[in-house]
Amino acid sequence: MRQTLTLLAVLTTAVAVASVATGAPRMPRQTIADAVASPTRTPANVVRDQYRHPVDTLTFFGVKPASTVVEIWPGGGWYTEILAPLTRAKGTYYAAIGPDFPNGGRAVETLKAKDPALYGHAKLVAFPAQAGQPRVPDGSADIVLTFRNVHNWRMGYKRGDVDYSPEAFRQMFAMLKHGGVLGIEDHRLPEGASAEREKSSGYIKVSTVRRLAEQAGFRFAGASEVNANPRDTADWPQGVWTLPPTYTLKDVDRAKYAAIGESDRMTLKFRKP
């Protein structure tokens, strides 16, 4: 038995050495925690882990290395740096870009060019997709994720202030498989606040998100308080952008807003029947 174990150890070492010598691809990351801990992430993004809790958030949504994951509006690629490496070996990662497509995909394209081994498999599509634009095939996704974007659709971002959130939810519903998960994180407006504030503050009510999702056909599957921040009153001079990381007021009361931290956020999970 000892000789067998020794032989296995020697063979394992030989394979590892051969991989390095031949420039073989790095071993795929197997867990969310591994992807989050990767040294390839941008240091400024890592600093925000204390507010965004990526391990707990993605675990709550049920993301797996073999999942077909769609990230709606990846922005600067904060979650792309986690989701693309996580899914590169066994899964699929779609970056669904906003109304300024294809210019809005610059961050993802930059990552693809910088490190093709980690990000080269990322597929860019449009969202909400118009006729003739590349889109996620209907019924193909295991998980659709969107982080701090529903308020943009509600505010009519880049659509002449016209609320297009119902259409956004219809398209997300279409791209998911039956049993697939929609994961939403967004700035949380207190239920007692005026609904008009959803049009200007960057905050949105949980009840509004649930209504939009359920009208599109989703079933509510749970909520997590992992991204809650009780210090955020959701009532700031320049809306949510008063707080970090935006600091719209620049140096005015900056220490005060830094002490509050990033916004109070809902973390909701829905399922397509």
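The values are calculated or read from the model by the stated rules, or taken from the named source; none is laboratory data. Because the structure is a prediction, the values reported are computed rather than measured. All Cβ positions, even for glycine, are placed from backbone atoms using ideal geometry, and neighbour counts span all protein chains on display. Protein only, heavy atoms only, side chains kept; ligands, DNA and RNA dropped before computing areas. Shrake-Rupley method; radii C 1.70, N 1.55, O 1.52, S 1.80 Å.
Please give the charge dipole size of the chain, origin at the Cα centre, charges +1 on K and R Cβ atoms and -1 on D and E Cβ atoms. Round to the nearest 20 debye. Walk me through the numbers before you get to the answer.
On the way: 35 positive and 26 negative charges, 129 e Å.
Magnitude of the dipole: close to 620 debye.
Expressed as a whole percentage, what fraction of the accessible surface of the stretch 148-222 belongs to carbon and sulfur atoms when a 1.4 Å probe is rolled over the protein heavy atoms?
Working: 1600 of 3150 Å².
Ligands and nucleic acids excluded, carbon and sulfur give 51 percent.
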HN-Hα couplings for the stretch 217-233 via Karplus (6.51, -1.76, 1.60; θ = phi - 60°), in whole Hz with x for Gly/Pro, come out as x, 6, 10, 5, 10, x, 9, 10, 9, 4, 10, 6, 9, x, 6, 8, 8
Kindly provide the GluC sites (Glu not before Pro) of the stretch 140-194 that DSSP labels as loop, not H, G, I, E or B, and whose Cβ sees at most 12 other Cβ atoms within 10 Å. Glu191
Filter the GluC sites (Glu not before Pro) in the stretch 199-273 down to the DSSP loop ones having no more than 13 other Cβ atoms within 10 Å, then list what survives. Glu225
Using C-alpha positions alone, give me the convex hull volume of the stretch 106-225 per residue in cubic angstrom. 140
For Tyr94, the residues 5 or more places away or on another chain with a placed amide H closer than 5 Å to its own amide H are Val69, Val70, Glu71, Lys123
Report relative contact order for the chain in percent, whole number only (criteria: Cα-Cα under 8 Å, sequence separation at least 6). 16
Using alpha-carbon coordinates, inclination of helix 2-22 to the longest axis of the chain, degrees: 60
Run the helix sum for the chain: -39,500 (n - 2.57) per DSSP H stretch of 4+ residues, divided by residue count, reported at 222 nm to the nearest 500 deg cm²/dmol. -10000 deg cm²/dmol
Selection from Asn227, Thr242, Thr68, by position along the positive dipole direction of the chain (Cβ): Thr68
Accessible area per residue for the stretch 77-137 in Å², computed with a 1.4 Å probe and the full protein assembly in place, what is it? 39
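With the radius of gyration and the Kirkwood radius both derived from the Cα set of the chain, what is their ratio Rg to Rh? Walk me through the numbers on the way to the answer.
Details: Rg = 20.6 Å, Rh = 20.0 Å.
Value, to two decimals: 1.03.
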Which percent of Cα pairs goes in each bin when the distances of the stretch 188-254 are cut into 5 angstrom slices starting at zero? 3, 15, 22, 20, 19, 12, 6, 2, 1
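With the other protein chains left in place, how much accessible area per residue, in square angstrom, belongs to the stretch 180-237 at a 1.4 angstrom probe?
44
What number, in percent, do you get for the relative contact order of the stretch 95-231 if the mean sequence gap of Cα pairs under 8 Å and at least 6 apart is divided by its residue count? If you can, show how the numbers build up before the last one.
Numbers: 166 pairs, mean separation 27.3, N = 137.
In percent, rounded to a whole number, it is 20.
Let's see if you can work this out: charge +1 on each Lys and Arg Cβ, -1 on each Asp and Glu Cβ, no other charges. What is the dipole magnitude of the stretch 171-231 about its Cα centre, in debye to the nearest 20? Intermediate results must be reported in sequence, preceding the final value.
Values: 9 positive and 7 negative charges, 13 e Å.
Roughly 60 debye for the stretch 171-231.
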In terms of the ratio Rg/(2.2 N^0.38 Å) built on C-alpha atoms, what value belongs to the stretch 159-273? 1.17
Go through the stretch 92-107 residue by residue and turn each phi into a ³J(HN,Hα) via Karplus (6.51, -1.76, 1.60, θ = phi - 60°); whole Hz please, and just put x for glycine and proline. 9, 10, 9, 9, 9, 8, x, x, 8, 3, x, 4, x, x, 4, 5
Amide H neighbours of Lys205 under 5 Å, at least 5 residues apart or on other chains, H built in the peptide plane: list them. Leu189
Using only Cα atoms, find the angle between the long axis of helix 165-175 and the longest principal axis of the chain, and express it within 0 to 90 degrees, rounded to the nearest 10. 20
